[in-house]
Structure formats: C-alpha cells, structure tokens
C-alpha cells in the first residue's frame, strides 16, 4: 500500500461554477468520502478557504516577502485534497477520476513517500 495525495486544482471559472452549485457539490463530496471510507482507502480529506483570505510567502529574494491574497494570476489554485492509501498509482488514478469536480478543474495525483524513503 502507498499513500497518494489527490490535489484539487481549480480556476476562477471552475471555482465559481462549484460555488454556484455548492449544495450539490458538498453532497457529492460527502458521498465520495463515504465511498473512500467504505473501500478502506480513506486517510484524510480537506478543502481550503477562499484564496483571498490567504497569503503567499515568496522566497525569491534575500528575505521572504509576504503578500496578501487574492493572488495575481489564478489559472490554477490548490483548493483541497484527498489523501488515500491504495495498492498502486493506477488505483489512485481511478479514484481521482471519481473526484467530484467542476468543469475546468483538475486533480493532480502525487505519491507520498514513506518515512523510509526520505533522506536523513
């Protein structure tokens, strides 16, 4: 088994579409989480607050610079995640295909290395 992070990435347009149907999206998301749980692959899931309420810490210069949201270009924003524990990348991708998402959104699938794989 390996953990995979299904990263929800949306655009301004897909986020607006999701908010227009928020009750339906929340119900669909709850059902998806229930399916993950019943299948025994659920580890965690969280959504993120409005990007306008966040900040960016930029390490591009000598000292970090903090900028309040909303961000400049918002072509793709990290909006939340599902953390699952599955047998393979292929299984993670199959779950990613089932994530409730608005048109134009994307789900990035990334493996979470085990503690035995990180450099010491």
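Which residues, taken from the stretch 94-120, are in a helix (DSSP H, G or I), loosely packed, with under 15 Cβ neighbours inside 10 Å and either within 13 Å of the chain's Cα centre (by Cα) or at pLDDT 90 or above (or both)? The answer is 94, 97.
The selection criterion, being buried (at least 16 other Cβ atoms within 10 Å of the Cβ) and closer than 24 Å to residue 112 by Cα, holds for residue 41. Scoring residue 45 on the criteria (1) in contact (Cβ under 8 Å) with a residue 60 or more places away in the chain; (2) in contact with a helix residue (DSSP H, G or I) (Cβ under 9 Å, 6 or more places away or on another chain) leaves a single failure, condition (1). Among the residues of the stretch 48-71, is there at least one that is within 24 Å of residue 97 (Cα to Cα) and touching a strand residue (DSSP E or B) at 6+ places or on another chain (Cβ under 9 Å)? Scanning the stretch 48-71 turns up at least one residue that is within 24 Å of residue 97 (Cα to Cα) and touching a strand residue (DSSP E or B) at 6+ places or on another chain (Cβ under 9 Å). Within the stretch 13-23, the set of residues being loosely packed, with under 15 Cβ neighbours inside 10 Å and closer than 11 Å to residue 102 by Cα comprises 13, 16, 19, 20, 21, 22.
Whether any residue in the stretch 24-37 is touching a strand residue (DSSP E or B) at 6+ places or on another chain (Cβ under 6 Å), loosely packed, with under 13 Cβ neighbours inside 10 Å and either free of Cβ contacts under 8 Å to residues at least 60 places away in the same chain or under 17 Å from residue 112 (Cβ atoms) (or both) is what I want to check.
For the stretch 24-37, residues touching a strand residue (DSSP E or B) at 6+ places or on another chain (Cβ under 6 Å), loosely packed, with under 13 Cβ neighbours inside 10 Å and either free of Cβ contacts under 8 Å to residues at least 60 places away in the same chain or under 17 Å from residue 112 (Cβ atoms) (or both): absent.
State the number of residues belonging to the stretch 57-93 that are surrounded by 11 or more Cβ atoms within 10 Å (Cβ to Cβ), over 18 Å from the mean Cα position of the chain (by Cα) and modelled with pLDDT of 95 or more. Residues flagged as surrounded by 11 or more Cβ atoms within 10 Å (Cβ to Cβ), over 18 Å from the mean Cα position of the chain (by Cα) and modelled with pLDDT of 95 or more within the stretch 57-93 amount to 1.
The values are calculated or read from the model by the stated rules, or taken from the named source; none is laboratory data. Since this is a predicted model, take the numbers as computed values, not measurements. So basically every Cβ, Gly included, is an ideal-geometry build from the backbone, and we count neighbours across all protein chains shown.
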